[in-house]
1. Among T110, I46, A189, which residue has its Cα positioned farthest towards the positive end of the charge dipole of the chain, with +1 placed on the Cβ of Lys and Arg, -1 on the Cβ of Asp and Glu, and the dipole taken about the Cα centre?
2. Let me know the longest stretch in the chain that avoids all trypsin sites (Lys or Arg not before Pro) found in a DSSP loop with at most 14 other C-beta atoms within 10 Å.
3. For the range 130-192, state which GluC sites (Glu not before Pro) are in a DSSP loop and have at most 15 other beta carbons lying within 10 Å of their beta carbon.
4. Using a 1.4 Å probe over the heavy atoms of the protein chains, calculate the carbon and sulfur portion of the accessible area of the chain as a whole percent.
5. Could you work out [θ]222 nm for the chain from helices alone, using -39500 (n - 2.57) per DSSP H run of at least four and dividing by all its residues? Round to the nearest 500 deg cm²/dmol.
6. Would you work out the charge dipole size for the chain about its Cα centre, treating the Cβ of every Lys and Arg as +1 and the Cβ of every Asp and Glu as -1, and quote it to the nearest 20 debye?
7. Run the quick spin-label model on D164 and D151: label points 7 Å from Cα toward the beta carbon, then report their separation in nm to one decimal.
8. Just grab the label-to-label distance for K179 and M37, each label 7 Å out from Cα along the Cβ direction, in nm (one decimal).
Amino acid sequence: MARHALSKAEASFITKLIRVDQAGELGADLIYRGQYMVLSRTKPEIEPLIKHMWEQEQHHRRTFNELQQKYRVRPSLLTPIWKVAATGLGCATALLGQEGAMACTEAVETVIGGHYNTQLRWLHENFPPKEERSKDEEITSLKSIVKQFRDEELEHLEIAVENDSHEARPYWLLTETIKAGCRGAIWVAERV
Ligand SMILES: [Fe+2]
Ligand SMILES: [Fe+2]
């Protein structure tokens, strides 16, 4: 299928989308990795659950790494900071126990699910299914990637709630702090 030229604004949105999502999925991979390292020892019965979510995050990260190369998008300049922060967040919340780890997952996936929804809405508004150029293979593939990942993040959110995220203490402070941190990181990673 012929490639349809993107406007400057569209190209800039897609660049930002790839940069921030790659940084986010790298963060997610490391959060779950940190949780896995702690909980596989302290709480072996939930090891398969954490592993399931972690593997999905590894797939998300690989996919955005590939998109980053394909579209020649430079990674977020703060990547080293995202790595340290994500690993620290994963380990620290898992040290609070299963409930702390799940509260972290609930907070992160609430923000990321909403973030993917915003991007999906933009893609649908700017590339409505009826338009010829919306059938461009690359746009179609980007839409389905974002949609699939959004669904998986929301599945993680459900798993977290089903596994006692609300039992974490202090629940409100913990989840609201993590949500604010995620929103801040998204804002920064879209720009730097
Ligand atoms: Fe993810
Ligand atoms: Fe996730």
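The values are calculated or read from the model by the stated rules, or taken from the named source; none is laboratory data. The shown structure was predicted, so the numbers you read here are calculated from the model rather than taken from an experiment. Note that we place each Cβ from the backbone using ideal geometry, even for glycine, and neighbour counts take in every protein chain shown. Surface areas here come from the heavy atoms of the whole protein model, side chains and all, with no ligands, DNA or RNA. Shrake-Rupley method; radii C 1.70, N 1.55, O 1.52, S 1.80 Å.
1. A189
2. Between the exposed loop sites, the longest stretch runs 4-71.
3. E131
4. C and S fraction of accessible area: 58 percent.
5. Calculated from helices alone, the mean residue ellipticity at 222 nm is -28000 deg cm²/dmol.
6. I would put it at about 960 debye.
7. 3.1
8. Taking the simple label geometry, K179 and M37 are separated by 2.9 nm.
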